[in-house]
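Okay, so here's the structure we're looking at.
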Amino acid sequence: MHKNKKSGKSKKFNKELPVLAIKEDSPEYRTKLLIGHIRNCDCGPTNINCLPAKEWLKSQIGVWRFGYEGRDIRDKDVHPATFPISLSRKIIELFSHQGELVLDPFVGSGTTLVAANDLNRNAVGFDLQEKYVKLCADRIKQAELFSSSRQVAIQDDARNISKYLPEESVKLIWTSPPYANLLNRKRKNKSRKDRDNKQLGKVEQYSQDPRDLGTMSIDDYSVAMGDIFESMLPILRPKGHCVINVPDMWWENQRITIHVSLIQELRKRGYELRNIIIWDRTNLVNQIGIFGWPSNYITMGVTFEYLLDFWRPPK
């Protein structure tokens, strides 16, 4: 039951029509969210997931590849930075059980919520922009209707996540955040054979909202990310994992090591780095141009990204 701050009345959730999106004018806005977080599988008490040994073995390889499916969003006009549902499924399967709660603090197009629905995990995603929250809700509607889990998209700043979730209720934080202000510039398509495509000259940044991490310098971005993830640490269970997908980038002939900045910052905020996995994207990238030839060797940032695996240390 959630109290409506404006009217003083209470509102019950309709179990047949669950709330898929919470916005600033919703009665559930900045109140504790009614959502499950207890495992409902038959796994042993010390198991960290529901995977059989064969699938566990596949996850030991430190370089991962994924493909797209029909439900994936690949149109940059819909969202400038998406990842495959199969990647999200892999992370969620590896670090949670059925019935547990997954959190995406920068949910964007809602891929985490779709994958959580597929896998019978409860999930909450946050985004500043109403259009992305609506996109999330639309994608959840098209997902499995008979799932016993619940997925919710919330239009709010990630800095307010603790207002919605109780302590130690989240099993997995999984997200692909903005990349500082490295997308907040016009594309020159130097890495593409077809430079004069519809992306040439476009700014791919999500918004110009000053709260948006994508408008910040790398130094300010790292501190802001540290603040956000530190505020989420109490709602993450001990030994609960936090996986962040980030690339490095080239800017003005310098390599901007976003993954190093985040590792350093999150360690200072109480997280422990457990693994670094390489997401090999070469099978997803088309028409790569000659970048840096013949005088400057630069590895293509679009062909791989990092999956930084942290956890909340045990008490």
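Read the figures in this text as sums done on the coordinates, not as results from a lab. The structure presented is a predicted model; accordingly, all values stated were derived computationally and were not measured. Cβ placement follows ideal geometry from the backbone for every residue including glycine, while neighbour counts extend to all protein chains displayed.
Observations on the model:
- A Förster radius of 51 Å, combined with the Cβ-Cβ distance separating N160 from Y297, puts the computed FRET efficiency at roughly 0.70.
- For N49, no residue has an amide H sitting under 5 Å from its own, ignoring neighbours fewer than 5 places away on the same chain, with H placed 1.01 Å from N.
- Residues W64, W279, arranged from fewest to most other Cβ atoms within 10 angstrom of their Cβ, appear as W64, W279.
- The ranking of C43, C50 by Cβ neighbour count inside 10 Å, starting from the fewest, reads C43, C50.
- With all pairs of different C-alpha atoms in the average, the Kirkwood value for the hydrodynamic radius of segment 74-147 is 12.4 Å.
- Here the contact order of segment 114-154, divided by its residue count and restricted to Cα pairs under 8 Å and six or more residues apart, works out to 60 percent.
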